[in-house]
1. Keeping to the stretch 138-159, report how many residues are assigned to a helix (DSSP H, G or I), among the small types (Gly, Ala, Ser) and over 17 Å from the mean Cα position of the chain (by Cα).
2. Restricting to the stretch 20-68, what's the tally of residues that are more than 16 Å from ligand 2 (Cβ to nearest atom), in contact (Cβ under 8 Å) with a residue 60 or more places away in the chain and not in a strand (DSSP E or B)?
3. Condition first: within 16 Å of ligand 1 (Cβ to nearest atom) and modelled with pLDDT of 95 or more. Can you find one or more residues in the stretch 112-128 that meet it?
4. Among the residues of the stretch 211-232, is there at least one that is within 16 Å of ligand 2 (Cβ to nearest atom), over 15 Å from the mean Cα position of the chain (by Cα), at pLDDT 95 or above and not small (Gly, Ala, Ser)?
5. List the residue pairs whose Cβ atoms are under 9 Å apart, where the first residue sits in the stretch 239-250 and is touching a residue at least 24 places away in the same chain (Cβ under 8 Å) and closer than 16 Å to Val27 by Cα, the second is among the β-branched types (Val, Ile, Thr) and surrounded by 14 or more Cβ atoms within 10 Å (Cβ to Cβ), and the two are 6 or more positions apart or on different chains.
6. Of the residues in the stretch 198-235, how many are under 17 Å from Ala181 (Cβ atoms) and either assigned to a loop (DSSP other than H, G, I, E, B) or of a type in the set (Lys, Arg) (or both)?
7. Please tell me if Asn191 is within 16 Å of ligand 2 (Cβ to nearest atom) and over 30 Å from Val89 (Cα atoms).
Amino acid sequence: MGDQALPTMDTPHKQAQDECVIRLDGVHKYYHLGDFQVHALRGITLEVCAGEFVAVMGASGSGKSTLMNIIGCLDKPSRGSYFLDGVDVSQMEKTELARLRNRKLGFVFQQFNLLSRTSALENVELPTIYAGITPQERESRAKAALERVGLAQRAHHYPSQLSGGQQQRVAIARALVNRPAILLADEPTGNLDSRTSVEIMDIFQQLNTEEGLTVVIVTHEHDIAQYAKRALEFRDGKLRRDTVIKDRLFACDVLPTLPTLEDEDADDEMTAPPPEAD
Ligand SMILES: Nc1ncnc2c1ncn2[C@@H]1O[C@H](COP(=O)(O)OP(=O)(O)OP(=O)(O)O)[C@@H](O)[C@H]1O
Ligand SMILES: [Mg+2]
């Protein structure tokens with residue numbers, strides 16, 4: 001699916017470029033474990049504009065997921081402020097925060113987090129329950145989102161009947177179904193092989209370029225970060241480096257150079273030893 005354009009969803013999330021959509025001001029996060037306190041974020045000040053594609057990098061425990069949970073309104077800063085689209089969300093009540101999250105943000109996780117006894121279509125429909133729309137509209141939006149990630153043919157499959165890459169695409173469709181302005185993904189390719197990872201980056205790049213979606217991903221892999229426009233490097237809860245990606249990779253150029261599973265099967269057959277004679 002690398003070089004083929006994905007169908008466009010009717011997405012009203014296009015925002016003026018350069019408009020600041022995420023702003024953190026002196027954000028600290030402490031976790032309390034009995035008497036013990038972990039200082040997971042130590043004064044993060046950061047701006048992300050509409051249409052950016054940011055890769056968050058850093059060693060295990062450096063605070064990447066903590067940052068994503070705060071950006072995604074799943075958690076609040078212990079100190080400092082967080083403005084989402086200009087609104088200070090640090091002080092918001094839980095229900096207000098949940099509504100905002102559902103409307104503005106889409107999430108993708110390393111483990112896909114799909115409901116196993118529920119079809120791909122129903123998984124994608126789930127976030128629309130709270131969007132106050134008719135069942136017909138919910139289904140048509142979910143179908144459009146699945147089509148957007150190239151999985152219209154798999155709508156009635158269960159997660160166990162899908163490959164890891166397909167499950168991640170269902171999870172991306174679910175993240176898109178409420179037409180968010182910002183897509184957040186924590187290690188979205190962490191459980192995928194290298195070709196499938198690039199296919200996922202292809203979808204993210206298309207959403208970013210064609211629909212102006214702001215994308216923030218966490219990754220351990222330098223070659224995956226190369227698909228972003230900007231890299232943030234975290235160490236010990238601090239933002240140590242903020243750089244523009246030089247020599248950015250484009251998945252649509254890289255995919256045709258990567259072997260497909262069929263190619264690898266054919267190679268295995270060619271190199272397999274001849275069957276032993278009786
Ligand atoms: N719920 C929690 N309770 C207590 N400590 C936590 C909690 N979540 C994270 N931490 C601690 O906060 C620090 C930052 O954790 P975080 O999960 O943000 O790291 P990370 O960069 O995402 O790591 P990884 O690459 O392993 O996912 C770590 O020291 C971690 O042990
Ligand atoms: Mg993490």
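The values are calculated or read from the model by the stated rules, or taken from the named source; none is laboratory data. What you see is a predicted model; the values in this text were computed from it and never measured. Note that each Cβ is placed from the backbone with ideal geometry, even for glycine, and that neighbours are counted across all protein chains shown.
1. Of the residues in the stretch 138-159, the ones assigned to a helix (DSSP H, G or I) are 138-148, 152-154, 159.
Subsequent filtering for residues that are among the small types (Gly, Ala, Ser) retains 140, 142, 144-145, 152.
Remaining after also requiring over 17 Å from the mean Cα position of the chain (by Cα): 140, 142, 144, 152.
Residues that pass the stated criteria total 4.
2. 3
3. Checked the stretch 112-128: no residue is within 16 Å of ligand 1 (Cβ to nearest atom) and modelled with pLDDT of 95 or more.
4. So far as the stretch 211-232 goes, yes, one or more of its residues are within 16 Å of ligand 2 (Cβ to nearest atom), over 15 Å from the mean Cα position of the chain (by Cα), at pLDDT 95 or above and not small (Gly, Ala, Ser).
5. From the stretch 239-250, the pairs are Leu239/Ile44.
6. Selection size over the stretch 198-235: 3.
7. Numbers: within 16 Å of ligand 2 (Cβ to nearest atom): yes; over 30 Å from Val89 (Cα atoms): yes.
Against the criterion (within 16 Å of ligand 2 (Cβ to nearest atom) and over 30 Å from Val89 (Cα atoms)), Asn191 qualifies.
The rows are residues; the columns are (1) within 22 Å of Val216 (Cβ to Cβ); (2) touching a His at 6+ places or on another chain (Cβ under 7 Å); (3) part of a helix (DSSP H, G or I).
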site	(1), (2), (3)
Asp75	yes, no, no
Gly80	yes, yes, no
Met92	yes, no, no
Arg103	yes, no, yes
Arg117	no, no, no
Asn123	no, no, yes
Pro127	yes, no, yes
